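Computed from the coordinates by the stated procedures, all read-outs in this text should not be read as laboratory data. All of these numbers come straight from a predicted model, not from anything done at the bench. Note that we place each Cβ from the backbone using ideal geometry, even for glycine, and neighbour counts take in every protein chain shown.
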Amino acid sequence: MSKFFDYLDSISQVNGLTNGMGNGQKIQWLFHCGMLFLSKDKWWGDFKFRHSAHEGIDITYYRIRPDKLHNFDNSIRVPAMENGIILNICNDFLGQTLVVEHENSLLFNRRLLFAYAHIIPEKNLKIGQVVKKGQVIATVCDTYKNPQLPPHLHFSCFEVLKKIPPEHLDWNLFFSDNLDVNLLHPIFL
């Protein structure tokens, strides 16, 4: 679990969200149940149910002081969680997704992939490029396509067979019932 919480700290640091807190205080991250892995609840609009279980974690709400709730806007920068290589840059229903293979995944017969979704990738990023842990790889996109949803980072983790070509690593594959794809809980990385 510590890797995911370290990642939240990295998001705080690259965006200066901890400025002025002092005394070793940390930002408090807040999650509606519908933002969590495998939830079928919606956290926007009518707050009813999703068509399928949520395949990641949505990150947007935080508190620096007990009396002030914040959420992301389209200025929030997205760092890489780990070292890796960009395998695909594809569209999603709000923006784009960067699909990054974890650098150590080649030790196994499957690929460990991180999907950073609802973002705008940095202009200089290209498929095949190596990214380093903590490197800013994107900004959160404006959610004008669905104004009921505040800007947020959707983070997913997948394990896929090596034989799947990188250009097929997109939401069509991730949403399918393909046995070559396993959805992993991002908190337990």
Using Cα positions and a limit of under 18 Å, work out the aspartates and glutamates in reach of Lys145, with same-chain residues fewer than 8 apart set aside. Asp46, Asp58, Asp73, Asp92
Ordering of 85-93, 55-63 by packing [mean C-beta count within 10 Å, highest first]: 55-63, 85-93
What does the highest-first list of 126-134, 30-38 look like by mean Cβ count within 10 Å? 30-38, 126-134
For the pair Asp177/Trp29, report the inter-label distance in nm, with labels modelled 7 Å from Cα in the Cβ direction. 3.2
Mean separation of Cα contacts under 8 Å, 6 or more apart, over the residue count of region 77-188: relative contact order %: 29
State to the nearest 20 debye the size of the charge dipole of region 38-152 about its Cα centre, where the only charges are +1 on K and R beta carbons and -1 on D and E beta carbons. 80
Identify, among Gln129, Asn83, Leu173, the residue whose Cα sits farthest towards the positive end of the charge dipole of the chain, taking +1 on the Cβ of Lys and Arg and -1 on the Cβ of Asp and Glu, with the dipole about the Cα centre. Asn83
Cβ-placed point charges (K, R +1; D, E -1), dipole of region 2-70 about Cα centre in debye, nearest 20: 140
Residues meeting the amide H criterion for Leu87 (H placed from the backbone, H to H distance under 5 Å, 5 or more places apart or on another chain) are Val99, Val100, Glu101, Gly128
Within straight cross-link reach of Lys132, meaning Cα distance under 28 Å, which lysines are found once same-chain residues fewer than 8 apart are removed? Lys3, Lys26, Lys123, Lys162, Lys163
Tilt, helix 2-14 to longest principal axis of the chain (alpha-carbon atoms), in degrees rounded to tens, equals 60
